[in-house]
Amino acid sequence: MSGNTYKTAPPHTGSTAYINARIVDPAGDNEYRGAVLISDGKIADFGPNLFASGAPYGIESVDCRGLVLAPGLVDARVHTGEPGEEHKETLESAGAAAAVGGITSLLLLPDNEPPFDDASLIEFVARRARLIKLVNMYAYGALTVGLEGKELAEIGLLAEAGAVAFTDADHAVGNAQVMRRALYYAKAFDALIVHLPQEPTLSGGHMTSGEMATRLGLSGNPPLAEVMMVERDIRLVEMTGGKMHLTKISTAESVAAIAAAKARGLKITCDTAAPYFALNDLAVGDYRTFGKLVPPLRAERDRAAVVEGLKSGVIDAIVSDHRPQDQDSKRVPFAQALPGGIGLETLLPISLELVHNGHLTLPQLFQRLSSAPARLFGLPGGRLAKGAPADLVVFDADYAWQIDRTDLWSKTKNTPFDERPVQGRVMATIVGGRTIYRDDSFVTAAAAA
Amino acid sequence: MGLPRLPHLLGIEGLAPETISGLLDLSENYIDQNRSIDKRRDMLAGRTVINLFFENSTRTRTSFEVAAKRLGADVINMDVATSSVRKGETLLDTAMTLNAMRPDAIVVRHHESGAVNLLSQKVNCAVINAGDGQHEHPTQALLDALTIRRRRGSLEGLLVAICGDIMHSRVARSNIHLLQIMGARVRVVGPPTLMPTDIDKMGVEVHYNMKSGLKDVDIVMMLRLQTERMQGTFVPSISEYFHFFGLDHAKLEYAKPDALIMHPGPMNRGVEIDSEVADDLDRSVIHEQVEMGVAVRMACLEALIGGRRNALVGAVA
C-alpha cells in the first residue's frame, strides 16, 4: 500500500459534497444512492434526494462512483505500545493503521506500562491524539490499581480526566467482592465497566480445550471458563443494579447466557472481536503463534454461535482487539508466545464477510461496527445525523484482495489473517471532515471529479 | 519397498503405514549388528549429529549417541545447562547458530510442545524430535512398535492398553497415532484428571479403572507419573494412585495371560509399577525396549541422512 497515503490535515473548513455514494445509514437501517454534505467538519445534510440533480456549483464535490459511504468504524478495543513498548506500536502508527482500516475513533486499553490507573495517563493520550491529528482517540481507565484486581482505581478522577469506561483489559477480575464493589461504586459516576469474562483459575491454558489441544500437547483453556464468569457477572449486575459491557465473547454458552440476561432487562451489553467469528482453533494447527489470542480461538460450533449472536443482536458490537506483538514475542514455542493479534487494518474486510455470506446487511454490520460502540461508550461519531461529526469511511465492498502481513501499516505484523482472501477495501477515511486516508485509485477519481 | 523421503522426523501423526513398516524393517537390520562384537559401521562417516537437549535426559540422549556413533557419525552433545541458552539466547538463535556449523542432523528434546517443529523451520539439516513437551516422541513409539512386532509378529489387530498419566505424556500421543495407523486398537486407562480433553476423539477407548481397561489386552504400556509437569493436584496421593492405577500382579490378571508389559522409562517403582511385575522376565519387555531404541534410532538416522538414502528415496522422490 506504499502508493497510498495517510496524512495529518488541518481542520476542515467550508463545505464538501460526497455525491453518487451508496449510503449506509445504521440508524435508519437502510441504504440508498445519495449524497452527504459536510460543512465545517460536521454532517450538514444527507439523503437520497440531496444533489440528485447534480453537484452544486461552488462547493468542492467528490464523486464516490457508487462506492459505499458509511459512518467510520468505532473500535472499542485497541492496545498500542505507547507508552511503554513503542517498538511494538506508537499512537501514531496505530492511528495510521486505523486510518487505512476505515476506523475513525478508537478506544485505547489501559494495560500499558505504566497502566492507565492515573489521570495523567488519560490526559497524555488525549494530548498525543491532538498532536497526531489522525483518528479520534479515547482511553479506558483501569478498573483496579495496577490492573491487579484488588483495589479500585480512582474511577471518578479518571472519568473527570476523560476516561470513557473502565476495564482491566485482558485481566479478568476473579474476586467477586472486588467486582461487586466496582459495579456499586461506578453507579455514582454512571461509569461503564468492561470485563473480559474468564474464570482465572480455569483459563491458564494456551489454547481452547479439545481435540486439537490434546493432539498438539498444549494445555487447554475450557470454553466453560468464559460462561462461568459471564454468569457470575450477570448475578453481580443484578445484585448491584450496575451496568457492564462484556468483551470478546467467544463461546456458544456465553451468547446464550447474555441473551437470557438481556431478556430479563439487565444492563448488560457485549462485543466480540473479529477473530472469534472468522476463525476457529484450526488456525493454531501447526503451532501458529499468530493465532494465539485471549480468549483462545474456539471450536467451530462456538464460532458459528458467535455469528448467530451477531445476527440476532445479542452481541452488540465488533472490536478489532488490536494487540501488536513483535517477532521476539511470537517466534518462540507456542506456550511461551505472548498472545494477541493486530486487527485495525483487517477489521472492515473481515467483518464484511458477514455481509458477503448473507448473515448481516450492510446497515446491520455498521450498527455493530460504528453506531452501537459509539452509543455504548458515549462517543460522538459512528452515526449519520445532521450536526454529527463528519467521521466517515468510503469503501469498495466488493474489491477482492489478499491480506499480506508485510503490507500492513502497523509496526508489528502479527495478524492471524495473513494470506486470507477478502472482499472490501477502504478508499477514503474522513475524520471531522478531513480526509486522513485516500487510496490511490480514489485520489484519481476525486481529482477527475 | 522404498522409504518416502523424510526431511525431518517430527512426529508419528500423519506418517503412512508403509513409512512406519519401512523404518521398522530397517531397524531389524541393526539388531544383530548391535549384538555382535563389531558394532560399528561407517555409513555416516564424516557426518555430524548434534544432540540438543533442553530437558534432562540420560536414556534417550545416550541411545541417540550410541546409535549415531555405531553408524560412524561424529556426535556432539549440547549441554543446555551450561550453554548460552541459559544466558537468554532464544531457541531460534540457538538453532541458526548450530545450523551454521553445518550439521547433518540435529536431535532435539525440548520441554515445550511444538518447539521442535519451530526449530525445524529454521535449519536446513534433518531434525529428529526426541520429545517435545506433551506433544510427540516418535522414536519411542517406533521402538515400542519394533518390540511388539518382534514378539507378536504384527501390530495388526492387537489390543493395547496405555495406562496412567496420559495427559502429560508425549509417549502416549505418539503411540496412539502409531498403533492405530498400524491397525491395533488402543485403550487409555487412568484417572479422569490425567486424561486430556476429548482424547476419545483420537479414536481410543477411555477407561477409568484398570479392571475394565486391562480386560483381554495383549499389551500393557505403563507410563511414568510426570509429577514435574503437574501444576496443582491431579491425584490425592502416590499411595492412592498406586492402589488404583499401579500395575501389580493382581491387576495384571485382567489382561491376557501372555500380555506383555512395557514402560518407556524411567520407572517409578511403587508409583505406577510394582517391582515384581517390572522385573518379571516372562512378561516384562522393558529392557528389550531400551535395546530396540538404539536400533530404531540407527534406522531413523539412516533414513534421514544415511548414504543409502538416495537409493531408498530414489523410487519415490
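The values are calculated or read from the model by the stated rules, or taken from the named source; none is laboratory data. Keep in mind that what you see is a predicted model, and the values were worked out from it rather than measured. Here Cβ is always computed from backbone atoms with ideal geometry, including for glycine, and neighbour counts include all displayed protein chains. Each accessible area value is taken on the protein alone, full model and side chains, heavy atoms only, with ligands, DNA and RNA left out. Shrake-Rupley method; radii C 1.70, N 1.55, O 1.52, S 1.80 Å.
Per-structure values
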{"quantity": "Residue match in region B:62-71 (condition: at pLDDT below 95 and open to solvent by 40 Å² or more (accessible area, probe 1.4 Å))", "calculated": "no"}
{"quantity": "Region A:197-207 - residue that is surrounded by 22 or more Cβ atoms within 10 Å (Cβ to Cβ) and away from chain B (no Cβ under 14 Å) and, of those, farthest from B:GLY203 (Cα to Cα)", "calculated": "A:PRO197"}
{"quantity": "Selected residue (criterion: most open to solvent (accessible area, probe 1.4 Å)) from residues of region A:311-330 that are in a helix (DSSP H, G or I) and under 27 Å from A:LEU408 (Cα atoms)", "calculated": "A:ASP328"}
{"quantity": "Some residue of region A:248-256 being open to solvent by less than 20 Å² (accessible area, probe 1.4 Å) and without any contact (Cβ under 8 Å) to a residue 24 or more places away in the chain", "calculated": "no"}
{"quantity": "Any hit, region A:408-423, residues being in contact (Cβ under 8 Å) with a residue 24 or more places away in the chain and part of a strand (DSSP E or B)", "calculated": "yes"}
{"quantity": "Any hit, region A:274-284, residues being among the charged types (D, E, K, R), more than 14 Å from every other protein chain (Cβ to nearest Cβ) and not in a loop (DSSP other than H, G, I, E, B)", "calculated": "no"}
{"quantity": "Test for A:ALA260: is it away from chain B (no Cβ under 14 Å), among the aliphatic types (A, V, I, L, M), over 18 Å from A:ASP168 (Cα atoms) and in contact (Cβ under 8 Å) with a residue 60 or more places away in the chain", "calculated": "no"}
{"quantity": "Residue match in region B:66-74 (condition: away from chain A (no Cβ under 14 Å) and either farther than 15 Å from B:LEU301 by Cα or among the aromatic types (Phe, Trp, Tyr) (or both))", "calculated": "no"}
{"quantity": "Among (1) under 29 Å from A:ARG301 (Cα atoms); (2) in contact (Cβ under 8 Å) with a residue 40 or more places away in the chain; (3) in a helix (DSSP H, G or I); (4) in contact with a Ser or Thr (Cβ under 9 Å, 6 or more places away or on another chain) - the single one A:LEU183 does not satisfy", "calculated": "(1)"}
{"quantity": "Condition met for A:MET137 (assigned to a helix (DSSP H, G or I) and either open to solvent by less than 10 Å² (accessible area, probe 1.4 Å) or of a type in the set (A, V, I, L, M, F, W, C) (or both))", "calculated": "no"}
{"quantity": "Which listed residue is modelled with pLDDT under 95 and surrounded by fewer than 18 Cβ atoms within 10 Å (Cβ to Cβ), from B:ASP258, B:ASP282", "calculated": "B:ASP282"}
{"quantity": "Near pairs, Cβ below 8 angstrom, 6+ apart or cross-chain, from region A:335-354 (part of a strand (DSSP E or B)) to any residue that is among the β-branched types (Val, Ile, Thr)", "calculated": "A:GLY341/A:THR415"}
{"quantity": "Filter result (assigned to a helix (DSSP H, G or I), within 12 Å of chain A (Cβ to nearest Cβ) and touching an Asp or Glu at 6+ places or on another chain (Cβ under 6 Å)) within region B:174-209", "calculated": "B:SER174, B:HIS177, B:LYS201"}
{"quantity": "Test: residue in region B:289-304 that is touching a helix residue (DSSP H, G or I) at 6+ places or on another chain (Cβ under 9 Å), in contact (Cβ under 8 Å) with a residue 24 or more places away in the chain, open to solvent by 40 Å² or more (accessible area, probe 1.4 Å) and assigned to a loop (DSSP other than H, G, I, E, B)", "calculated": "no"}
{"quantity": "Residue satisfying condition, being surrounded by fewer than 20 Cβ atoms within 10 Å (Cβ to Cβ) and not in a strand (DSSP E or B), within set A:ARG232, A:ARG298", "calculated": "A:ARG232"}
{"quantity": "Single residue of B:VAL217, B:VAL171 found to be within 14 Å of chain A (Cβ to nearest Cβ) and either open to solvent by 10 Å² or more (accessible area, probe 1.4 Å) or outside any helix (DSSP H, G or I) (or both)", "calculated": "B:VAL171"}
{"quantity": "Condition check for B:GLU55: of a type outside the set (Ser, Thr, Tyr), within 14 Å of another protein chain (Cβ to nearest Cβ) and either under 20 Å from B:GLU228 (Cα atoms) or part of a helix (DSSP H, G or I) (or both)", "calculated": "yes"}
{"quantity": "Number of positions in region A:28-45 that are open to solvent by 50 Å² or more (accessible area, probe 1.4 Å), part of a strand (DSSP E or B) and either modelled with pLDDT under 95 or closer than 24 Å to A:GLN364 by Cβ (or both)", "calculated": "3"}
{"quantity": "The listed residue being open to solvent by less than 10 Å² (accessible area, probe 1.4 Å) and either modelled with pLDDT under 95 or within 23 Å of A:ARG77 (Cα to Cα) (or both), out of A:ALA165, A:ALA161", "calculated": "A:ALA165"}
{"quantity": "Matching residues, region A:208-256, being more than 9 Å from chain B (Cβ to nearest Cβ), of a type in the set (Gly, Ala, Ser), touching a strand residue (DSSP E or B) at 6+ places or on another chain (Cβ under 8 Å) and within 24 Å of A:ALA304 (Cα to Cα)", "calculated": "A:SER250, A:SER254"}
{"quantity": "Qualifying residue in region B:148-162 (condition: farther than 18 Å from B:GLY265 by Cβ, buried (at least 24 other Cβ atoms within 10 Å of the Cβ) and within 14 Å of another protein chain (Cβ to nearest Cβ))", "calculated": "no"}
{"quantity": "Test: residue in region B:114-134 that is within 12 Å of another protein chain (Cβ to nearest Cβ), within 26 Å of B:GLU228 (Cα to Cα), in contact (Cβ under 8 Å) with a residue 40 or more places away in the chain and open to solvent by 10 Å² or more (accessible area, probe 1.4 Å)", "calculated": "yes"}
{"quantity": "Selected residue [aliphatic (A, V, I, L, M), open to solvent by less than 10 Å² (accessible area, probe 1.4 Å) and over 28 Å from A:GLU86 (Cα atoms)] from A:LEU344, A:LEU376, A:LEU362, A:LEU348", "calculated": "A:LEU362"}
{"quantity": "Within region B:79-103, tally of residues that are modelled with pLDDT of 80 or more, open to solvent by 50 Å² or more (accessible area, probe 1.4 Å) and away from chain A (no Cβ under 14 Å)", "calculated": "4"}
{"quantity": "Members of region A:331-341 found to be open to solvent by 10 Å² or more (accessible area, probe 1.4 Å), under 11 Å from A:LEU293 (Cβ atoms) and within 14 Å of chain B (Cβ to nearest Cβ), listed by number", "calculated": "A:LEU338"}
{"quantity": "Of the criteria (1) in a loop (DSSP other than H, G, I, E, B); (2) in contact (Cβ under 8 Å) with a residue 40 or more places away in the chain; (3) open to solvent by 70 Å² or more (accessible area, probe 1.4 Å), which one B:PHE244 fails", "calculated": "(1)"}
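Conditions tested, residue by residue: (1) open to solvent by 70 Å² or more (accessible area, probe 1.4 Å); (2) of a type in the set (Val, Ile, Thr).
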position: B:GLU18; (1), (2): yes, no
position: B:ILE31; (1), (2): no, yes
position: B:ILE37; (1), (2): yes, yes
position: B:MET43; (1), (2): no, no
position: B:THR60; (1), (2): no, yes
